[in-house]
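The values are calculated or read from the model by the stated rules, or taken from the named source; none is laboratory data. None of the values given here were measured: they were computed from a predicted structure. Note that we place each Cβ from the backbone using ideal geometry, even for glycine, and neighbour counts take in every protein chain shown.
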Amino acid sequence: MKMKKYIYTLSLLFSFLAAPAQTNIAQLYIAPFRHDAEGAYTLIHDDFGAAYARGIEEYIDTMNFNRNLPICFAAITGECDPEDWTKAKEMIGHGHQILNHSMTHKCGQVQSWCTFGNWNEKDFPTEIDKSTALILKNTGKHPAFFVFPFDLFTDTMLTYLEAKKYIGARAGKQNTLNSPVLSDPFLTNFTVFRPGEPLSALNDMADKAIQSKSWAVRVMHGIEDESWAHITQAEYATHLDYLQVKVKENKLWMATLSDVVTYQYNKEAAVLKVVEQNKDSLPTKISVELKNIKLPSGDMMSHDTLTIVLKQKTVPKTISQSQLYIPFEIRDDKVIFDINLPVNEIVLTY
Ligand SMILES: [Zn+2]
């Protein structure tokens with residue numbers, strides 16, 4: 001039995017070696033990040049609603065929207081007045097994502113340096129539930145991510161959030177980038193911009209994400225206001241202009257937390273197969289099957305898309321999904337296109 005298996009393996013090997021060289025054979029894979037960008041970057045602005053962080057609504061929203069860059073903003077819900085809620089809805093309409101930053105912005109762990117009062121299990125109904133309900137009532141969106149004031153939290157808080165249909169939190173390692181591959185979204189790593197830090201640290205982190213093909217989550221506060229580690233409008237514009245260039249060069253994917261995590265889940269679940277090829281061994285039909293993987297119970301609040309990469313020199317005439325043409329891009333001998341999930345088949349013509 002063993003011998004037979006051995007011979008079979010050997011014959012397979014020989015048939016492979018004996019096959020004529022087929023230079024057209026395509027490499028097919030799911031891009032690590034959307035649009036096959038090399039790195040991903042999420043910008044989070046904390047303390048929306050607080051009087052000292054008005055720069056988020058006064059400048060940050062528009063400055064990003066004008067550059068087509070989506071950001072996350074973390075709301076202290078107990079500080080939001082009706083005008084803030086109107087603004088929050090407008091920001092969501094601009095493609096930005098609202099995060100829950102608790103009701104009263106207290107310390108989730110007793111620390112000598114944190115002197116704003118503490119919160120624990122007995123405060124969950126206020127700091128988590130009421131805060132969630134306020135966001136849902138005023139914006140129509142159940143927040144998908146929770147970010148802790150002063151980044152102080154306990155494991156009990158994470159377990160509670162998961163039970164309350166959150167899909168993630170900012171509770172991973174600090175000053176650490178994230179892998180493009182799905183890991184626990186409750187332990188998302190992040191890097192906080194601190195007072196006195198050189199401004200070059202902002203662009204540098206985007207560069208690091210690109211160089212190491214990773215996902216950077218950058219935390220900032222306001223601009224032109226009294227928030228912690230605030231910077232000027234001009235300084236902020238310099239950073240956004242840099243990000244915009246990197247996005248246009250297809251080096252960087254600027255996305256919300258939900259965008260990246262949704263993409264990671266889809267990538268984890270999807271299996272690509274070439275179902276049919278033409279006489280030149282070019283794929284004419286590709287299937288995308290979705291494996292059953294454990295998905296979060298909450299609404300991920302993002303689009304179900306995946307970027308497919310076909311590495312081949314021949315450019316297709318058309319690519320379609322459900323008889324609708326899909327736009328595609330040619331970059332470095334790669335055919336790159338986005339599909340909407342679920343999909344049965346992708347059809348290519350030459
Ligand atoms: Zn804060």
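Scanning region 296-313 for residues that are part of a loop (DSSP other than H, G, I, E, B), loosely packed, with under 15 Cβ neighbours inside 10 Å and modelled with pLDDT of 90 or more yields one hit, LYS313. Taking residues in region 105-129 that are at positive phi, and partners anywhere that are outside any loop (DSSP other than H, G, I, E, B) and within 16 Å of the ligand (Cβ to nearest atom), the pairs with Cβ atoms closer than 6 Å and at least 6 places apart or on different chains are HIS105/PRO149.
Return the residues of region 41-64 that are more than 16 Å from the ligand (Cβ to nearest atom), part of a helix (DSSP H, G or I) and of a type in the set (Val, Ile, Thr); say none if nothing qualifies. Working first, answer last.
In the first step, residues of region 41-64 are kept if they are more than 16 Å from the ligand (Cβ to nearest atom); the result is 41-42, 58-59, 61-64.
Those left that are additionally part of a helix (DSSP H, G or I): 58-59, 61-64.
Of everything in region 41-64, just one residue is more than 16 Å from the ligand (Cβ to nearest atom), part of a helix (DSSP H, G or I) and of a type in the set (Val, Ile, Thr), namely THR62.
With respect to (1) touching a Lys or Arg at 6+ places or on another chain (Cβ under 7 Å); (2) closer than 26 Å to TYR160 by Cα; (3) not hydrophobic (A, V, I, L, M, F, W, C), the lone exception for ASN250 is condition (2). Taking THR115, is it farther than 23 Å from ASP184 by Cβ and either assigned to a loop (DSSP other than H, G, I, E, B) or out of contact with any helix residue (DSSP H, G or I) (no Cβ under 9 Å at 6 or more places or on another chain) (or both)? Taking the combined requirement at face value, the residue satisfies it.
Within region 130-185, the set of residues being within 16 Å of the ligand (Cβ to nearest atom), assigned to a helix (DSSP H, G or I) and out of contact with any Gly (no Cβ under 9 Å at 6 or more places or on another chain) comprises just one member, ILE135.
If you take the residues of region 304-341 that are hydroxyl-bearing (Ser, Thr, Tyr) and touching a residue at least 24 places away in the same chain (Cβ under 8 Å), which of them is nearest to GLY39 (Cα to Cα)? Explain how you work it out, then say what you get.
From region 304-341, those hydroxyl-bearing (Ser, Thr, Tyr) are 305, 307, 314, 318, 320, 322, 325; that's our starting set.
In the following step, the residues that additionally are touching a residue at least 24 places away in the same chain (Cβ under 8 Å) were identified as 305, 307, 314, 318, 320.
Numbers: THR305: 17, THR307: 14, THR314: 27, THR318: 28, SER320: 27 Å.
So, considering only residues that are hydroxyl-bearing (Ser, Thr, Tyr) and touching a residue at least 24 places away in the same chain (Cβ under 8 Å), the one nearest to GLY39 (Cα to Cα) is THR307.
Within region 247-281, being over 19 Å from SER179 (Cα atoms), among the basic types (Lys, Arg) and touching a strand residue (DSSP E or B) at 6+ places or on another chain (Cβ under 8 Å) holds for one residue alone: LYS273.
Taking only region 338-348 into account, find how many residues are closer than 20 Å to ASN278 by Cα and surrounded by 12 or more Cβ atoms within 10 Å (Cβ to Cβ). Steps first, please.
Residues of region 338-348 that are closer than 20 Å to ASN278 by Cα, as a first pass: 344-348.
Cutting the leftovers down to surrounded by 12 or more Cβ atoms within 10 Å (Cβ to Cβ) gives us 345-348.
Qualifying residue count, region 338-348: 4.
Against the condition modelled with pLDDT of 95 or more and of a type in the set (Ser, Thr, Tyr), how does TYR8 come out, does it pass?
When the stated conditions are applied, TYR8 does not pass them.
Criterion first (surrounded by 21 or more Cβ atoms within 10 Å (Cβ to Cβ) and either closer than 19 Å to VAL260 by Cβ or of a type outside the set (Lys, Arg) (or both)) does THR188 satisfy it? For THR188, the condition - surrounded by 21 or more Cβ atoms within 10 Å (Cβ to Cβ) and either closer than 19 Å to VAL260 by Cβ or of a type outside the set (Lys, Arg) (or both) - is met.
Matching residues to (1) surrounded by fewer than 20 Cβ atoms within 10 Å (Cβ to Cβ); (2) away from the ligand (no atom under 16 Å from the Cβ); (3) at pLDDT below 95:
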site	(1), (2), (3)
ASN66	yes, yes, no
ILE71	no, no, no
ALA74	no, no, no
ASP81	yes, yes, no
LYS89	yes, yes, no
GLY93	yes, yes, no
HIS96	no, yes, no
ASN100	no, no, no
MET103	no, no, no
